Amino acid sequence: MSKAIPVFRVFDYAKTIEFYVTWLGAKVLWEHQAANIPFYMQISLQGATINLSQHHGDCSPGSLVLLEDCERLKIYHQQLLEKEYTFMRPGLEKTDWDPNTISITVIDPFYNRIIFTEKIG
């Protein structure tokens, strides 16, 4: 079966790097940016692949991706808080749909959301 790769609309390169790479710890797999055109990049985050596009026709801001079955989510949550990112201090919560699942929701500077989940117990 083919692999689905979500695409988030982003607007600013520096803010994209600060949020996804510096704070969330994503790795840039590749990027494309020629002179005077919007950038496009692919990142790896918690084992998932996400594309980030500044191109206006690719997608709309305000999307949501659910990353299930993350590992060591409590540790990852603590690491995020320790980085003291100015614009986001996410909580660690039990999900409404399953009391044995915990989640972290983050919102990027462009209103895209990522929900990380992990089964516990």
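The values are calculated or read from the model by the stated rules, or taken from the named source; none is laboratory data. This is a predicted model, so every value here is computed, not measured. When we count neighbours, we look across all protein chains shown, and the Cβ atoms used for this are built from the backbone with ideal geometry, even at glycine.
Some observations on this one:
- Residue that is surrounded by fewer than 15 Cβ atoms within 10 Å (Cβ to Cβ) and under 11 Å from the mean Cα position of the chain (by Cα), where the choices are Leu24, Leu66, Leu45, Leu52: Leu66
- Exclusive hit being of a type in the set (D, E, K, R), in contact with a Leu (Cβ under 9 Å, 6 or more places away or on another chain), more than 15 Å from Pro6 (Cβ to Cβ) and in contact (Cβ under 8 Å) with a residue 24 or more places away in the chain, set Glu31, Glu118: Glu118
- Leading residue by the ranking (nearest to the chain's Cα centre (by Cα)) among those in region 81-105 that are assigned to a loop (DSSP other than H, G, I, E, B), within 19 Å of Gln46 (Cα to Cα) and charged (D, E, K, R): Arg89
- Residue check for Asn100: at pLDDT 95 or above and more than 28 Å from Asp12 (Cβ to Cβ): yes
- Of the residues making up region 73-92, those that are touching a residue at least 12 places away in the same chain (Cβ under 8 Å) and either touching a helix residue (DSSP H, G or I) at 6+ places or on another chain (Cβ under 6 Å) or exposed (fewer than 14 other Cβ atoms within 10 Å of the Cβ) (or both) number 7.
- Only listed residue being part of a loop (DSSP other than H, G, I, E, B) and small (Gly, Ala, Ser), chosen from Ser60, Ser44: Ser60
- Meets criteria (among the acidic types (Asp, Glu) and within 28 Å of Asn100 (Cα to Cα)) for Asp58: no
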